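The values are calculated or read from the model by the stated rules, or taken from the named source; none is laboratory data. The model shown is predicted, which means the values in this text are computed figures rather than measured ones. Please note: Cβ atoms are built from the backbone with ideal geometry, for glycine as well, and neighbour counts cover all protein chains shown. Keep in mind that these areas ignore ligands, DNA and RNA; they rest on the heavy atoms of the full protein, side chains included. Shrake-Rupley method; radii C 1.70, N 1.55, O 1.52, S 1.80 Å.
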Amino acid sequence: MKKLLPLVLVSFSVIIFLTRLFYIQMIDDSYGDVSQNIAIRKVYDYPQRGYIFDRNGKLLVGNQPAYDVMIVPNDVKEFDTLALADLLNLTPERLKDRIENAIIYSPRLASVVTPQLTKDEYAYVQESMYKYAGFYIQKRSLRDYNVSHSANILGYIAEANQRDIKKNAYYQSGDFIGRRGVEQQYEDLLKGTRGVKHFLRDRFNRNIKPYKNKKYDTISKKGKDLSLTIDSELQAYGEKLMKNKRGGIVAIQPKTGEILSLVTAPSYDPEILVGRKRSRNYTEMYYDSISRPLYNRALQAVYPPGSPFKAFTDLIGLEENVMSPDETYYCKGYYSYGRSARMACHHHKNPVDAVSGLAYSCNAYFAQVYRHTIEKYDTPQEGIEVWRKHLESFGFGNYLGYDLPVGRKGLVPDADYYNRAYQYPKYEWYATATLSNAIGQGEVLTTPIQLANGIVAIANRGWYIKPHILKEVNGEPIKFEEYTKKNYTTIKPENFDPIIEGMHNAYEYGTARFLRVPGIEVCGKTGTAENKTRINGEIVQLEDHSIFVAYAPKDDPEIAIAVFVENGGFGSTYAGRISSLMIEKYLKDEIERTDLEKWILSNSLEEEYAKPYLIKEEKEN
């Protein structure tokens, strides 16, 4: 028996080995997968990105076909470098660099050599690709813009970099990813799911048939279609009105928080960031430090809010019971404080109260209200903190939480801010040291979208829904709680009545009376903010910024708007006219006041924007 044991063990081992070999060769396909690196080509089937529509169903962004020349370095055999470089319209040096980069990325995985061939280029190149083992052409889609506006909202797509690939294993070299705007914010919804096809190759590196009858193939899945809250016509009109100007426009639907228009100026045609021209055009705009077309002024630029801020000074005064709506104040043309300090005011009828003070934009009235608010408390530090918390309830001084990837917090100074500024002796400072806050000319800084959101809260008498740009996904309304939930301010609803009346009277007999929209009751407020810059170490006063806020109709608001025009002068000059026309466009569709429209379209501020550079040259010479 002992003599037979070795023979039995050997026979048993042979049987196991043969059985395993039969299973591997005839049944199990897993080892066949390994051979794909040699005889099988993986071709990724890139999905179409989801379409983007406006609120009315107008297509903003679709797709168009494009073709990439790919390389798998391990599959490359000796080839004519000069001929391939000529075929791909590259210099031999550039072709060599791209091949070396592909080897560094991965010798076994595909990398892009030449991206985004057009249809005609593809037809020409495809005829000769069989000569170059290891190279092949892969189809994908690029964005196709149906509009020439909204670049700051839509964003663009670009090739994923190494940081993107390391962060998310889904992306590979040559993949596209959303940059800026909606393309970046909703990349996961728009990108879809990549599929893969496996092909057997012949000795000429050509695909001859599907591998294993498509057993391992997967189907790509198109990205989800998005409908935005933007009104395409209103957006286009806003960008038209802001031509040759700098600044931002934000229009919001008060009841829903939906952003109707988000204009930044200067801007650019989104089409210039598509295809092989994208890199060159982006670089030019990136280094344009003068007009800064990539800078989203509607979300990122911070400005003193100017006189529109008086509405919030009024609201806080009413809430803190330091004034009553009917309490009057006689303006002497200035507000006197300190030994010889005065805050100037323009001429208007007297006396003023909460309503007429806002309609006439009386600096002295609001200086008094602000001072009483701060001095209500035992210390100015305590008063400032109460004032700050009221403002933060409107969304000032914080990111609003909207669904676009850029923004600024702005600034609502707190007690620590002034303690640092007035630290001698022992943090002693008083309400009068911060008096400019009363009229929006102090340390407070806001973005256009923050100010627009503040006006939404006034229109709604004390609440707002976070501004947002997404309306529907694949035709279904969004269900994100943060974009349906009401956020309440610290101000009681009844305290909004005199402020709303004052903003309405600004159109009836106040600073905005010549901007009335026929047939529509509008509530608004003009504003002017000082504009200073430093040139060669000296502070230089430039033309003031023009600011305007409004909402309409008065009792059933459908649109709230904030307009900032840099160097535009008085609030009613540029920002007021633009705001008035935007409201008319949205609520009436047709513009009746064509003379007002013609004035805005024919006037440019380019000379104002050139002044700092001319002053600098004069000082240097």
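For the range 87-127, the candidate set comprises residues that are assigned to a helix (DSSP H, G or I) and polar (S, T, N, Q); within that set, the residue that is nearest to the chain's Cα centre (by Cα) is Asn101. So, Val112, is that one open to solvent by less than 10 Å² (accessible area, probe 1.4 Å) and either more than 30 Å from Gln235 (Cα to Cα) or out of contact with any Ser or Thr (no Cβ under 9 Å at 6 or more places or on another chain) (or both) or not? No: the conditions fail for Val112.
Being of a type outside the set (D, E, K, R) and part of a loop (DSSP other than H, G, I, E, B) is the filter; apply it to the range 519-549 and report the residue that is nearest to the chain's Cα centre (by Cα). The residue in question is Val522. Beta carbons closer than 8 Å, at least 6 apart along the sequence or on distinct chains, pair a first residue in the range 349-364 that is closer than 13 Å to Ala311 by Cβ with a second that is of a type in the set (Asp, Glu) and open to solvent by 10 Å² or more (accessible area, probe 1.4 Å) for Ala354/Asp326; Ala354/Glu327; Val355/Glu501; Ala359/Glu508.
Ser148 meets each of the listed conditions (1) more than 30 Å from Ser261 (Cβ to Cβ); (2) of a type in the set (S, T, N, Q); (3) touching a helix residue (DSSP H, G or I) at 6+ places or on another chain (Cβ under 9 Å) apart from (1). The criterion of at least 3 residues that are within 30 Å of Tyr186 (Cα to Cα) and in contact (Cβ under 8 Å) with a residue 40 or more places away in the chain is met, among helices (runs of 4 or more DSSP H) falling completely within the range 367-482, by 448-459. Yes or no: the range 243-255 includes at least one residue that is out of contact with any Cys (no Cβ under 7 Å at 6 or more places or on another chain), assigned to a helix (DSSP H, G or I) and of a type in the set (A, V, I, L, M). No, there is no match, as no residue in the range 243-255 is out of contact with any Cys (no Cβ under 7 Å at 6 or more places or on another chain), assigned to a helix (DSSP H, G or I) and of a type in the set (A, V, I, L, M). For the range 44-61, the set of residues classified as surrounded by fewer than 18 Cβ atoms within 10 Å (Cβ to Cβ) and closer than 20 Å to Asp589 by Cα consists of Asn56, Gly57, Lys58, Leu59, listed by residue number. Selection of the range 221-241 for residues being more than 11 Å from Tyr51 (Cα to Cα), open to solvent by less than 30 Å² (accessible area, probe 1.4 Å) and of a type outside the set (Asp, Glu) yields Thr229, Ile230, Ser232, Leu234, Gln235, Tyr237, Gly238, Leu241. Within the range 263-309, being open to solvent by less than 30 Å² (accessible area, probe 1.4 Å), on the phi < 0 side of the Ramachandran plot, in a helix (DSSP H, G or I) and in contact with a strand residue (DSSP E or B) (Cβ under 7 Å, 6 or more places away or on another chain) holds for Pro270, Leu273, Arg297, Ala298, Ser307, Pro308.
Cβ-Cβ distances below 8 Å connect the following pairs, each with a first residue in the range 96-108 that is β-branched (Val, Ile, Thr), a second residue that is in a helix (DSSP H, G or I), and a separation of six or more residues or different chains: Ile99/Pro73; Ile103/Pro73.
Just checking, does the range 361-374 include any residue being of a type in the set (Ser, Thr, Tyr), under 22 Å from Cys523 (Cα atoms) and in contact with a His (Cβ under 9 Å, 6 or more places away or on another chain)? Looking through the range 361-374, at least one residue is of a type in the set (Ser, Thr, Tyr), under 22 Å from Cys523 (Cα atoms) and in contact with a His (Cβ under 9 Å, 6 or more places away or on another chain).
Of the residues making up the range 517-526, those that are of a type outside the set (Val, Ile, Thr) and within 18 Å of Ala459 (Cα to Cα) number 4.
Hey, any hits in the range 566-589 for a residue that's assigned to a strand (DSSP E or B), in contact with a helix residue (DSSP H, G or I) (Cβ under 9 Å, 6 or more places away or on another chain), closer than 17 Å to Gly306 by Cα and not β-branched (Val, Ile, Thr)? The answer is no; no qualifying residue exists.
Does the range 436-456 contain at least one residue that is in contact with a Cys (Cβ under 9 Å, 6 or more places away or on another chain) and at pLDDT 90 or above? The answer is yes, given that some residue of the range 436-456 is in contact with a Cys (Cβ under 9 Å, 6 or more places away or on another chain) and at pLDDT 90 or above. Looking only at residues in the range 187-220 that are in a helix (DSSP H, G or I), crowded, with 17+ Cβ neighbours inside 10 Å and at pLDDT 80 or above, the one that is nearest to the chain's Cα centre (by Cα) is Glu187.
In the range 570-594, the qualifying residues are those that are among the acidic types (Asp, Glu) and modelled with pLDDT under 95, and the one that is surrounded by the fewest Cβ atoms within 10 Å (Cβ to Cβ) is Glu590. Give the range 310-323 a look and list any residue that's in contact (Cβ under 8 Å) with a residue 12 or more places away in the chain and out of contact with any helix residue (DSSP H, G or I) (no Cβ under 8 Å at 6 or more places or on another chain), or say none. Answer for the range 310-323, where residues must be in contact (Cβ under 8 Å) with a residue 12 or more places away in the chain and out of contact with any helix residue (DSSP H, G or I) (no Cβ under 8 Å at 6 or more places or on another chain): there is none.
The one condition from (1) over 24 Å from Ile219 (Cβ atoms); (2) modelled with pLDDT of 60 or more that Ala66 does not meet is (1).
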